[in-house]
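The values are calculated or read from the model by the stated rules, or taken from the named source; none is laboratory data. As the structure is a computational prediction, the values presented were derived from the model and not from experiment. Don't worry about glycine lacking a Cβ; one is built from the backbone with ideal geometry, like all the others, and counts go over all protein chains shown. Please note that ligands, DNA and RNA were not included when accessible areas were found on the heavy atoms of the full protein model with its side chains. Shrake-Rupley method; radii C 1.70, N 1.55, O 1.52, S 1.80 Å.
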Amino acid sequence: MTLIQDLIYAARSLRKAPGLVAVVVLTLALGIGVNTTVFNLLNLMLLAPPTALEPDRLVRIEPGNGNQISYLNFRDMAGSPAFAGMALTTGASLNWRNGDAVEPVPAMALSANYFQLLGVHTWLGRTFTLDDAAPDVVVLSYEFWRRRFASDRGILGRTVNLNGRPFTVTGVMARGYRAAMGALIPQMFVPVSPAVSDGMEDRRSGTFSVVARLAPGMGREQAQAAFTSMAQALEKAYPNENRSFGRPAFVVPLSGLGSLQSRNSQPQFWIGLAAPFVVMGLLLAIACANVAGVMLARGAMRQREIAIRLALGASRRRVVRMLVADSLLLSLAGAAGGLVLTAWATPLLSRIQLPNTPPLPAVTLEMDARLGLYTLAVALGTCLFCGLIPARRSTRPQILPWLKKTALEGAGGGGRRRVLVAGQVAVSTLLLVVCLLFLRSLWYIGTIHPGFDIDRGITAKVAPERGNFTTEQAYAAAEELVRRVKSLPGVEGASFASLIPLGGDSVGGETELKDRPDYRGPMIQYSNVGPEYFRTMGIRVARGREFHEADRKGAPAVAVVNETFARLAFPEGGALGKLVRAQTGRPEPWREIVGIVADNKYAFYAEGPTPQMFSPFLQTGGRVFLQVRTAGAPAGSSGAVRRAIAEMDHSLVADVRTTRDAASLEFALRRLSTALLAAMGALGLLLAMIGLYGVLAWEVSRRTAEIGIRMALGASEGRVRLLVLRKTLLLVGAGIGAGIGIAMLATLPLRSFLAGVSTADPLTMGGVAGLLAVVSVAASWFPVRRATRIDPIAALRYE
């Protein structure tokens, strides 16, 4: 009841200061809003449990070899008493023919018992089950059904053309259905079958993830032991296909932070996950420091009122609680404003489009218990920081001096406000240092030559509409495409490969050398490329030759390596003619090295010299990425390449773009992160300068009489300016010094994310210090100008 009275009194008191309320609420809304926006995304993508019955009993199982599981291994492992059931799932991209157009649609291929295991039902129709005689059935997501089929309830029983085959629609999932595998938001659900999944009859083809429900009374440790035991039996039965399959499995929850664990998790992953919260927390700290300064000033102005209350017998705890009620109301209002900001900003993030990635799903603010508790915790923490410290400072037992002082004389707390502003400047320095380091790293990456011609190339990702394209058909299609594209005007060369350099794809592993059985070299990167690939890409052949059309199935197995591989594996030279074999988990032949090519960037612009091995595409196969070299600007030839693909086979789905665009994923990610850091740094700087302005304005108002006396005794305007500016320089200098020291330590974990710049880069530190000094002087302009305009007579009369 007392708390309610305090809140009512606080509301009446704050109603008399609408300007203060508006500034504080807006400041807190910005600080809390950016935090709730980041948490909302994390909650939607990773923390929220999947739509399922008892989701806390669901786990994801990673086999001991660190890979996913094959269909045959899964089939042999069903029926363990440690689990109430196990199901398969894998991401898929289905080619949906809609009229004359073919559109790739993100989907999930599931074992037939998947929905029954999770206890999930459709909103319309039914899911597929073990009783379905034919696998060609599909369940649509609610959003896809509403958007692409206009919410037609007659969709059940109709057929849609997927991967060149008719699929019957059996149901529509409920609105807001959350899939069971991380951030994936599929639009269709189909049963696992050869029509949508490759390698189902290959025990080495680990392309599926395992979702399991723990049996009653069974813990994750026991389930891990049971799965490992079954895997060891399969490794003994199929030693060649299941190498290392029997190592201890990795069993993790299907939702929450525990779901982010992986056997191969790198520290960079956790640093990258925590970094946004650290940045947003720093921004909130700046906002809280601003508000704490305001509350200190407000408490100082109310010292006579507080003294009277204490003199009349009110306990200090009671008065502190009354003052904290102000902060609680302001913090809750700021949290509400932050949620409004989150509701506005979150859908905008869906519009971000990165190269070589599907469009991000539409996301909105979803208020659930986790987000509600997080927002409430942030609001209460803000209240304690902004209200409790100023309230304790304002209720120090000095009743008699306070009763004798006027409101202006009693307005103390300047020292604490200066400390808060110095802290704000320090945090702003840290944010700006990180931002400038990323900006300089981005500029450096833009100057790196990737080792291939990125400015005169076209890259086309080509996929058949039919999912059952044979290897021979893929070979024939790739060769025919090259023949047609080479005949186009303005084209100097064409080839194909299994991946795009710097396109976000990478395949790595270990390598054996025939002449050196004890060789243990670093991990190497693999790629399968077609004839004349290196000439098309502008990669220099240093020794030997590149692949020809004769290097196909049935011909001797050959390979090309880069100069780094040749130097590491054969330090004395003589790599040509040596036999090498990649360890990919599948039987691989010994390949003769017939060529050595210059190094080029493979996965990242900033990577050092990386050993690479190339195999002939016509011997190995893979996805088809058409590579074209043009005589002039590639944009002018993109349309001709697209038409050539469509004319050859209208069932081919092609994503045609310039090679620079295709290889820009890393650059786009860095540019996005730099832009976000710049926005946060600018906002932090703005808030810090607002706090600095407030302190200086307060100093001037508090020292009005002193300044008037100085000017009456002959002090010049320049002298008064220096008097006030000295406060600015001391505050900002202390904040910058502390911020740079903190930044040099705090940025050490970011070394792996930076390229071409040191975390202690003096140019960055000096640039930030200079920027803050200039902006701080600008922020102090009005208080300084006000100080020099004080009328000495008016100041003395007031005194």
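Can you run the Rg to Rh ratio on the stretch 420-565? Use alpha carbon positions and the Kirkwood inverse-distance Rh.
1.13
Hey, what's the stretch 1-100 come to in accessible area per residue, 1.4 Å probe, Å²?
On a per-residue basis, 44 Å².
Compute the accessible area per residue over the stretch 152-195, keeping the other protein chains in place, probe 1.4 Å, unit Å².
That works out to 40 Å² per residue.
Among 719-730, 150-161, how do they line up by average Cβ neighbours within 10 Å per residue, starting with the highest? Don't skip to the answer; put the middle values down first.
Details: 719-730: 16.3, 150-161: 12.7.
My ranking of the peptides, most packed first, is 719-730, 150-161.
Packing-wise, with mean Cβ within 10 Å as the measure, how do 57-64, 368-375, 447-454 rank, highest first?
Numbers: 57-64: 22.2, 368-375: 14.8, 447-454: 16.5.
Going by the mean number of other Cβ atoms within 10 Å, highest first, we get 57-64, 447-454, 368-375.
Applying a 10 Å radius around every beta-carbon, put 427-434, 539-546 in order of their mean neighbour count, most first.
427-434, 539-546
What's the extension gain from residue 631 to residue 506 if we count 0.36 nm per residue and subtract their Cα-Cα distance?
Roughly 42.1 nm would be gained on extension.
Just subtract the alpha-carbon distance of residue 686 and residue 232 from 0.36 nm times their residue separation and send over the number in nm, one decimal. Don't jump to the answer; show the numbers that get you there.
Details: separation 454, 0.36 × 454 = 163.44 nm, distance 6.05 nm.
Separation in residues times 0.36 nm, less the Cα-Cα distance, equals 157.4 nm.
Using a cut-off of 15 Å between beta-carbons, work out the net charge of the residues near residue 517 (Lys and Arg +1, Asp and Glu -1, residue 517 not included).
Here the count lands on +1.
In nm, to one decimal, how far is the residue 336 label point from the residue 476 one, both placed 7 Å along Cα→Cβ?
With each label point 7 Å from Cα toward Cβ, the separation is 7.0 nm.
Find out how many positive minus negative residues lie around residue 595, taking Lys and Arg as positive, Asp and Glu as negative, among other residues whose Cβ is under 9 Å from that of residue 595.
Taking every Cβ under 9 Å from that of residue 595, the sum is +1.
In Å², what does the accessible area per residue of the stretch 599-738 work out to with a 1.4 Å probe?
Averaged over the residues of the stretch 599-738, the accessible area is 42 Å².
How big is the stretch 181-258 along each principal axis, measuring the range of its Cα positions in Å and listing the largest first?
35, 35, 21
Could you compute the FRET efficiency for residue 75 and residue 198, with r as their C-beta to C-beta distance and R0 at 22 Å, rounded to 0.05? Walk me through the numbers on the way to the answer.
On the way: r = 16 Å, r/R0 = 0.74.
Approximately 0.85, to the nearest 0.05.
Given points 7 Å out from each Cα along the Cα-Cβ axis, report the residue 675 to residue 748 separation in nanometres with one decimal.
According to this spin-label approximation, the distance is 3.4 nm.
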